[in-house]
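Only one structure is covered here, and it is reproduced in the block below.
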Amino acid sequence: MNKNSRRNEKNAPTRGKGAKNPLKTLKRLLVYAFSRNKLATAFMVIFVLFSSVTKITATQFVAKIINELSMPVNGISPDMVGIVYPSIIAISAIYLIGSASDFAYNIIMMYIANGTLKKMRDEMFAKMQKLPLKYFDSRTHGDLMSLYTNDVDTMRQLLTQTIPQLISSALTLVAVFVYMVIYSVTLLLVVLAVLIAIIFITKFVAGKSAKYYLTHQIALGGLNGYVEEMTEGQKVIKVFCHEEKARERFKILNDELNESGRKAHKYAFILGPVNNNLGYIQYVLVALVGVMVIAFGGESALLSVYCSALGNGVVGMIIAFLMASRQFNMPVQQVSQQLSAIVMALAGAERIFQMVDTLPEDGGGEVTLTFGENESGKWAWKKPAADGGYEYIPLKGDIRFDDVVFGYTDEKVILNNISLYAKPGQKIAFVGSTGAGKTTITNLINRFYDINSGTITYDGLDIKSIKKDDLRKSLGVVLQDTHLFTGTVMENIRYGRLDATDEECINAAKLANADFFISHLPEGYETKIKGDGANLSQGQRQLLAISRAMVSECPVLILDEATSSIDTRTEKLIEKGMDKLMEGRTVFVIAHRLSTVRNSHAIMVLEHGEIIERGSHEQLLEQKGKYYQLYTGAFELD
Ligand SMILES: Nc1ncnc2c1ncn2[C@@H]1O[C@H](COP(=O)(O)OP(=O)(O)O)[C@@H](O)[C@H]1O
Ligand SMILES: [Mg+2]
C-alpha cells in the first residue's frame with residue numbers, strides 16, 4: 001500500500017465517530033446526488049417552494065376570513081356564508097396544491113435517492129473488486145458489510161427525509177420571516193426570542209444525543225460482527241460446547257446496544273416535548289403582546305396602512321401572525337430533530353467515500369499476454385520495445401526468485417532472502433511446518449502482495465512489468481482454502497476458464513476424479529452448490545478446485561495443499577490426472593504428504609521464512625537433515 005492510500009485511511013472516520021469533515025462530505029454528497037439529476041432537482045426545489053409558499057398564503061386567507069366575519073355589525077347573518085365562501089374555496093385549493101406539491105417532491109426525492117444509492121453501491125462494489133488484498137486483511141467482513149447496509153441506509157434517510165426537509169424548512173423560514181417583518185416587528189422579536197431559546201436547548205440536547213447515537217452505532221456494529229462470527233463458527237461452538245458462553249457474550253453486547261439506544265433516543269425524544277411547550281409559551285406571548293399592540297397602538301404606521309390596504313383588520317393580522325409563528329418554529333424543530341441522523345449519515349457517507357477513494361491495486365506493468373500474434377502462433381508476452389514496436393517473448397513458465405524479502409506488515413519480515421528458480425516444466429515442492437511461509441511464497445508469484453526487496457522474474461521479465469490481469473491469467477492456482485460460489489457444479493468448474501465447453505469441464509472433472517462423486521449427486525453437474533459448498537465434503541470441494549485448475553490452460557500451476565483433505569486412495573486415483581495436469585507445466589506444489597512431492601525436480605524445505613535445505617528427494621535424504629526427519633517421521637509435520 002502506498003503512502004497516499006495510507007493517508008486516506010487515517011482520515012476516514014472509524015465506526016462510531018462523527019465525520020472528520022462534515023461540510024466537505026455534505027457538499028460532496030449533494031453534488032453526487034443532485035448533479036446527475038439536474039432537471040429532477042429543479043422540479044423538486046420548485047415543488048418544495050410551492051409547498052412552503054402555499055402554507056404562508058393559507059394564513060393570509062384565514063386572516064381574511066376572520067376579518068370578513070368580524071366586520072358586519074348586525075350579528076351573524078346568512079349572508080356571511082356568502083361572504084366567506086370564496087375564501088374557504090381558496091384555502092381548500094391552496095392546501096390541495098400544497099399537499100400535491102408535498103407528494104410530488106417526495107416522489108422526486110425518492111427517485112433521486114434510489115438512483116444515487118444504486119450508483120453508490122455499484123461504485124463501491126466495483127471498487128471492492130479492485131482493492132489490494134491488504135485492504136481486506138486490515139478489516140473485518142462485518143465492517144465491510146456495514147458499508148453496504150448501515151451506512152447506505154442512513155444515507156437513504158438523509159436523502160429522502162432530511163434533505164428535502166432542510167430545503168423546505170429553509171424556504172418556509174425565509175418566507176415566514178419576510179411575512180412577519182412586513183406585519184409586525186414587535187411580534188417578530190417575541191418569536192425570535194423564543195426561537196433562540198429553542199435553538200440553545202436543541203444544541204445542548206442534540207450534542208448529547210449525537211454522542212449516544214454514535215456509541216449506539218458502535219454497539220450495533222459489534223453485535224452484527226458477533227452474530228456473523230458466531231454463525232460462521234457454529235460447528236466450532238458446538239464441538240467445544242460453548243453455546244452458553246456465546247450466549248453470555250451476546251447478552252452483554254445486546255445490553256450495550258439496548259443501553260446506548262435507550263440513551264440516544266431518550267435525548268432525542270426529550271427535544272420534541274420541550275420544544276413543543278416552548279412553542280405554546282410563544283403562542284401565548286405573541287397573543288398577549290399582539291393585544292397590547294392593538295390596545296396601545298404601538299405598532300408602526302406602516303402596519304395600519306398595510307392592514308387597511310389588504311382589507312384586513314388588526315385582529316385578523318394577529319391570528320395570522322399566530323399561525324405564522326407556529327410555522328416559524330416548526331421547521332426549526334424538524335431540523336433539530338434530524339440532527340443526530342445528519343451526524344450519523346455524514347459519518348457513514350465519509351466512510352463510503354473513503355472506501356471509494358482508496359487507491360486501487362495497481363494494474364501492473366505494460367507487458368501483456370497475447371495469443372497467436374507473433375510468428376510462433378502461441379502464447380507470448382508482448383513487451384513494448386524502445387523503438388515504439390513490440391518484442392514478443394514466448395510464454396514458457398520460467399520463474400525465478402532473487403533475494404526476495406517480504407513481510408505482510410512493515411513491522412515483521414516473513415520471508416528472508418529467498419532465491420530459487422523453476423525452469424519450464426519443472427516441479428518444485430515446498431515443505432515445512434505450518435507458518436513457515438509456503439503459502440506466502442505463492443502469494444508473491446501472482447502478486448497478491450508486493451515484495452519489499454529483491455526480484456521475481458517470469459520468463460526473464462520482472463513480474464512488476466507484467467500487467468497483473470495477464471500475469472494471473474497465466475497462473476493456475478488451487479488455493480489452500482477452497483472457495484466455491486453459489487451456482488451449479490459445472491459453473492464452478494468453468495470458473496477456471498469462462499469459455500471452456502461443457503465437455504472440457506467434464507473431462508477436467510474426470511481427470512481430477514471428481515466425475516465419480518459428481519455423477520452421484522442428485523442432479524449431476526447441474527447440482528446447485530450452496531453456502532460455499534456446505535453440501536459437499538471438504539475433499540469433494542478440493543476435487544472441484546483441482547478440476548477448476550485443470551480447465552484453465554496455464555503454463556504455471558500453483559497447488560497449495562490441493563490434496564490435503566483427499567484420502568490416500570482417492571489421491572492415488574487422481575495421481576494420473578495430476579501427472580497429466582502437471583505435464584509440460586511449471587508446477588509449485590505445497591504438500592503435507594511427502595509421498596506426493598518425492599518425484600519433484602527440487603524440494604525446498606522452509607523454516608521461519610528461510611529455505612534451509614534444497615535438492616531432490618534422494619539428495620535430501622542423503623543429507624539426513626530436516627527433510628530426512630520429516631520423511632522418516634522422526635519429526636511430525638504440524
Ligand atoms: N494476511 C496475512 N497478514 C499477516 N500475516 C500473515 C498473513 N498471512 C500469513 N501471515 C503470516 O505469515 C507467516 C507464514 O504464513 P503462511 O505462508 O501462510 O504459512 P504456511 O507455510 O503454513 O503456508 C505466518 O507466520 C502467518 O502468521
Ligand atoms: Mg499454507
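The values are calculated or read from the model by the stated rules, or taken from the named source; none is laboratory data. These numbers come from a predicted model, not from an experiment. Cβ sites come from the backbone with ideal geometry, for glycine too, and all protein chains shown count toward neighbours.
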Name, by its number, the condition in (1) of a type outside the set (A, V, I, L, M, F, W, C); (2) more than 16 Å from ligand 1 (Cβ to nearest atom); (3) crowded, with 19+ Cβ neighbours inside 10 Å that does not hold for K438.
(2)
Residues that are closer than 21 Å to D469 by Cβ and within 15 Å of ligand 1 (Cβ to nearest atom), drawn from the stretch 441-458:
T442, N443, L444, I445, N446, R447, F448, Y449, D450, I451
Determine whether the stretch 247-254 contains at least one residue that is under 24 Å from the mean Cα position of the chain (by Cα), modelled with pLDDT under 80 and not small (G, A, S).
no
Subset of the stretch 227-279, residues hydroxyl-bearing (S, T, Y) and farther than 30 Å from A193 by Cα, comes to T231, S260
Residue identified as within 30 Å of V315 (Cα to Cα) and either in the same structural domain as L49 (by TED's automatic domain parsing) or in contact (Cβ under 8 Å) with a residue 12 or more places away in the chain (or both) among L187, L166:
L187
I393 meets each of (1) outside the structural domain of P522 (by TED's automatic domain parsing); (2) buried (at least 21 other Cβ atoms within 10 Å of the Cβ); (3) of a type in the set (V, I, T) with one exception, condition (2)
State yes or no: is L461 within 16 Å of ligand 1 (Cβ to nearest atom) and either closer than 14 Å to T586 by Cβ or out of contact with any Ser or Thr (no Cβ under 8 Å at 6 or more places or on another chain) (or both)?
no
If I ask for residues that are in a helix (DSSP H, G or I) and either outside the structural domain of R247 (by TED's automatic domain parsing) or surrounded by fewer than 18 Cβ atoms within 10 Å (Cβ to Cβ) (or both), which ones from the stretch 224-235 would you list?
Y226, V227, E228, E229, M230, T231, E232, Q234, K235
Across the stretch 451-505, which residue is farthest from ligand 2 (Cβ to nearest atom) among those that are outside any strand (DSSP E or B), within 25 Å of T440 (Cβ to Cβ) and of a type in the set (S, T, N, Q)?
S465
Within the stretch 520-543, is even one residue out of contact with any Phe, Trp or Tyr (no Cβ under 8 Å at 6 or more places or on another chain), of a type in the set (A, V, I, L, M, F, W, C) and under 30 Å from Y458 (Cα atoms)?
no
Restricting the stretch 377-432 to residues that are assigned to a loop (DSSP other than H, G, I, E, B), among the charged types (D, E, K, R) and over 41 Å from the mean Cα position of the chain (by Cα), the one nearest to ligand 1 (Cβ to nearest atom) turns out to be K423
